[in-house]
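The values are calculated or read from the model by the stated rules, or taken from the named source; none is laboratory data. For clarity, every value in this text was computed on a predicted model and none was experimentally measured. When we count neighbours, we look across all protein chains shown, and the Cβ atoms used for this are built from the backbone with ideal geometry, even at glycine. Accessible surface areas use protein heavy atoms only, side chains included; no ligands, DNA or RNA. Shrake-Rupley method; radii C 1.70, N 1.55, O 1.52, S 1.80 Å.
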Amino acid sequence: MNRDQARIAVIGLGYVGLPLAVEFGRKRPVVGFDIDQKRIDELKAGIDCNLEADRDELLEAKSLTFTYRVEDLRNCNCYIITVPTPIDEHKRPDLTPLVKASETVAGVLKKGDIVIYESTVYPGCTEEDCVPILEKRSGLKFNQDFYCAYCPERVNPGDKERRLTSVVKVTSGSTPEIADFVDDLYKDIITAGTHKAESIKVAEAAKVIENTQRDLNIALVNELALIFNKMGIDTEAVLKAAGTKWNFLPFRPGLVGGHCIGVDPYYLTHKAQAIGYHPEIILAGRRLNDSMGTYVAAQLVKAMAKRRIHLENSRVLVMGLTFKENCPDLRNTRVVDIVKELKDFCCNVDVYDPWVTASEAQHEYGITPIGEPQQGTYDAILLAVAHKEFKNMGAAYIRALGKNTSVIYDLKYALPAEESDLRL
């Protein structure tokens, strides 16, 4: 098979799959598959609720069709699986979506077909967990009847500058020939170029350490913030001063959520423990970052107490619920940790976020965001996510939402230092 003979199916049309299907759909026939019929109907109508592709981009992908019917995948010969790989309540990898997607593809797999995985996994998962599913369900033999590849996603939700095509793509294949074919396939859409890894396991490991490294760097500045807060030193001022050196890395403290940084390290630590190694540093970073929501809530409560604000039935406004600014992505947001902790202190908490769908927030976290908050209402205001709408409001408007004695906590350094009462 050469690149021009590829008939692609993208399995899973979320933040990763849809942009990929759109880019390939500009060049060749592509079937975009998702089990969510509502999602498919919206995409057919030119609507992407994730805001990663606009109507014009969907229309420009003239060779892209959408379906929730497995039968529509049978004419494809190259299947790209882009489903989520979350963790469960015990912080263990949950491969359920990956297993189900592999079973779906196995049901239509034919001799000569290629299955490409983009979902973040631990090293060895593709060949040790996914391939046996493909073999068992299809009755075909790996690297004889069908082939696999691993090409990790590098999507950054809400980022309109670092798009799919402008970020170097890591590729790999289960044989040298398949690795060459897959690399050539992605070169057709990735203008930034590709990097062909030596093996599938190398590509898997490369992906999982990208976000593990970021997680640990953020954990370091979070710990520094805890230390500097006890010393009465402004953390941002320290980071700005240190940042004048050419090799200082510009990380900032804060909550670590989302589908990548707060999840991927657990995939690596799971595999490490499975082979008999207990990872000390990675898990320490995870524990620290996972504790930041509780710390932030405690800081706010202490500041309220110092102003003689009675905690029981106090009104607190949390501005922002998504895991990052300027996108509607609620996956693994750690803002919910703050909300839960404040409610445990008997505060009445309102959450305001113009980016989220109220029904989704209610379904995922039991939180129903409010509409436009009223001025003069709140005893405390926590700016948890630096949406552009909040920055545009300005410090005076945000402060006016509170009472005369209210506490303003700027978690994201979105306001000038002198305009907030607390910063991380």
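Structure values in brief
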{"quantity": "Expected 222 nm ellipticity per residue - DSSP helices of 4 or more, -39500 (n - 2.57), all of the chain, to 500", "calculated": "-11500 deg cm²/dmol"}
{"quantity": "Dipole of the chain [Lys/Arg +1, Asp/Glu -1 at C-beta], most positive-end residue of Gly46, Phe390, Ile116", "calculated": "Phe390"}
{"quantity": "Computed magnitude of the charge dipole of the chain (debye, nearest 20; Cβ of K, R +1, Cβ of D, E -1)", "calculated": "540 debye"}
{"quantity": "Average Cα contact separation per residue, region 357-405, under 8 Å, 6 or more apart, as relative contact order %", "calculated": "41 percent"}
{"quantity": "Top of Val208, Val99, Val16 by mean-square fluctuation, Gaussian network on the chain, Cα under 10 Å", "calculated": "Val99"}
{"quantity": "Cut-off under 5 Å, modelled amide H: who pairs with Phe146 long-range", "calculated": "Gly112, Lys141"}
{"quantity": "Cβ-derived FRET efficiency at R0 60 Å, Lys62 paired with Arg287, nearest 0.05", "calculated": "0.75"}
{"quantity": "GluC sites (Glu not before Pro) lying in DSSP loop within region 47-123, provided at most 14 other Cβ fall within 10 Å", "calculated": "Glu89"}
{"quantity": "Dipole axis of the chain (+1 Lys, Arg; -1 Asp, Glu on Cβ), positive-most option in Val339, Leu59, Val263", "calculated": "Val339"}
{"quantity": "Hz values of 3J(HN,Hα) by residue in region 179-194 - Karplus curve (6.51, -1.76, 1.60), Gly and Pro given as x", "calculated": "4, 5, 4, 5, 4, 5, 4, 6, 4, 5, 10, 8, 5, 6, x, 10"}
{"quantity": "Full-stretch length increase - Asn2, Glu312 - with 0.36 nm per residue and alpha-carbon distance subtracted", "calculated": "104.9 nm"}
{"quantity": "Label zone at Arg137 (point 7 Å along Cα-to-Cβ), backbone N below 15 Å, region 167-195", "calculated": "none"}
{"quantity": "Accessible area of region 47-196 belonging to carbon and sulfur atoms, whole % at 1.4 Å probe", "calculated": "48 percent"}
{"quantity": "Length-normalised contact order of the chain in % [C-alpha pairs under 8 Å, at least 6 apart]", "calculated": "11 percent"}
{"quantity": "Computed over region 217-294: relative contact order in percent, which uses C-alpha pairs under 8 Å that are six or more apart", "calculated": "38 percent"}
{"quantity": "Amide hydrogen neighbours beyond the local backbone of Ile80, cut-off 5 Å, H modeled", "calculated": "Ala9, Val10, Ile11, Ile116"}
{"quantity": "Cleavage-rule hits, trypsin sites (Lys or Arg not before Pro), region 220-299, DSSP coil, Cβ neighbours within 10 Å at most 11", "calculated": "Lys245"}
{"quantity": "Paramagnetic reach from Ala303 in region 353-397 [backbone N under 16 Å; point 7 Å along Cα→Cβ]", "calculated": "378-386, 395-397"}
{"quantity": "Karplus 3J(HN,Hα) series, Hz, for region 259-268 with 6.51 cos²θ - 1.76 cosθ + 1.60 (x for Gly, Pro)", "calculated": "8, 10, 4, x, 10, 3, x, 5, 5, 5"}
{"quantity": "Dipole of the chain [Lys/Arg +1, Asp/Glu -1 at C-beta], most positive-end residue of Leu330, Met231, Ile218", "calculated": "Met231"}
{"quantity": "Per-residue HN-Hα couplings for region 167-175 [Karplus 6.51, -1.76, 1.60; θ = phi - 60°; Hz; x = Gly/Pro]", "calculated": "10, 4, 9, 7, 10, 6, x, 7, 9"}
{"quantity": "Set of aspartates and glutamates with alpha-carbon distance to Lys343 below 16 Å, sequence-local pairs under 8 removed", "calculated": "Glu312, Asp379"}
{"quantity": "Tensor-based shape of region 187-276 (alpha-carbon gyration tensor, a/c under 1.5 rounded, otherwise prolate or oblate)", "calculated": "oblate"}
{"quantity": "Where Cα atoms sit under 30 Å apart: lysine pairs in region 1-130 separated by 8 or more or lying on different chains", "calculated": "19"}
{"quantity": "Largest to smallest principal axis extent of the C-alpha atoms in region 1-152, angstrom", "calculated": "42, 40, 24"}
{"quantity": "Amide H partners (placed H, <5 Å) of Thr194, local residues excluded", "calculated": "Lys169"}
{"quantity": "DSSP loop chymotrypsin sites (Phe, Trp or Tyr not before Pro) with at most 12 other Cβ within 10 Å excluded, longest remaining stretch of the chain", "calculated": "1-245"}
